[in-house]
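Here is the structure we will look at.
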């Protein structure tokens, strides 16, 4: 993408955080929208854009099958070739040594093959 190129989600909302995480590989870009609400408040989504005839075109919207409110799917995103990795941020509480409580960031991977 050139710094002058602008893309937006076809079903986007100003509060979706579209573009908070972006990754580009060749003529394909993955853009996170971690606060999209398709699967509940702040469930998140990621959008795939491909450069077709020199124009960035939305070709897919990705959401997890088991997505839920507060998952914030799409933060972070990464693409390399035909492999996409999308993070899901959830806060978990674990007991360490049965005394100390800490919060951990849990990343879950979701992959999808893209057309070349």
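The values are calculated or read from the model by the stated rules, or taken from the named source; none is laboratory data. Quick caveat: nothing in here was measured; it's all calculated off a predicted structure. Methodologically, a virtual Cβ is constructed for each residue, glycine included, from the backbone with ideal geometry; neighbour enumeration extends over all protein chains shown.
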Quiz prompt | Matching residues, the stretch 35-75, being surrounded by 19 or more Cβ atoms within 10 Å (Cβ to Cβ), assigned to a loop (DSSP other than H, G, I, E, B) and on the phi > 0 side of the Ramachandran plot | solution = 42, 72, 74
Self-check item: Flag for residue 21 being surrounded by 13 or more Cβ atoms within 10 Å (Cβ to Cβ) and modelled with pLDDT of 85 or more
Solution: yes
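Taking the stated definitions as given, is residue 78 modelled with pLDDT of 85 or more and touching a strand residue (DSSP E or B) at 6+ places or on another chain (Cβ under 6 Å)?
For residue 78, the condition - modelled with pLDDT of 85 or more and touching a strand residue (DSSP E or B) at 6+ places or on another chain (Cβ under 6 Å) - is met.
Return the total of residues in the stretch 24-34 being part of a loop (DSSP other than H, G, I, E, B) and surrounded by 14 or more Cβ atoms within 10 Å (Cβ to Cβ). Before the answer, list the steps.
First, pick out the residues of the stretch 24-34 that are part of a loop (DSSP other than H, G, I, E, B): 26-27, 34.
With surrounded by 14 or more Cβ atoms within 10 Å (Cβ to Cβ) added as a condition, the list becomes 34.
Adding up the residues that qualify gives 1.
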Practice problem: Please go through the stretch 3-23 and pick out each residue that is farther than 12 Å from residue 61 by Cα, in contact (Cβ under 8 Å) with a residue 40 or more places away in the chain and not in a strand (DSSP E or B). | Solution: 5, 7, 17
Self-check item: Residues (under 23 Å from residue 81 (Cβ atoms) and either out of contact with any strand residue (DSSP E or B) (no Cβ under 9 Å at 6 or more places or on another chain) or surrounded by fewer than 13 Cβ atoms within 10 Å (Cβ to Cβ) (or both)) located in the stretch 1-18
Solution: 2, 5
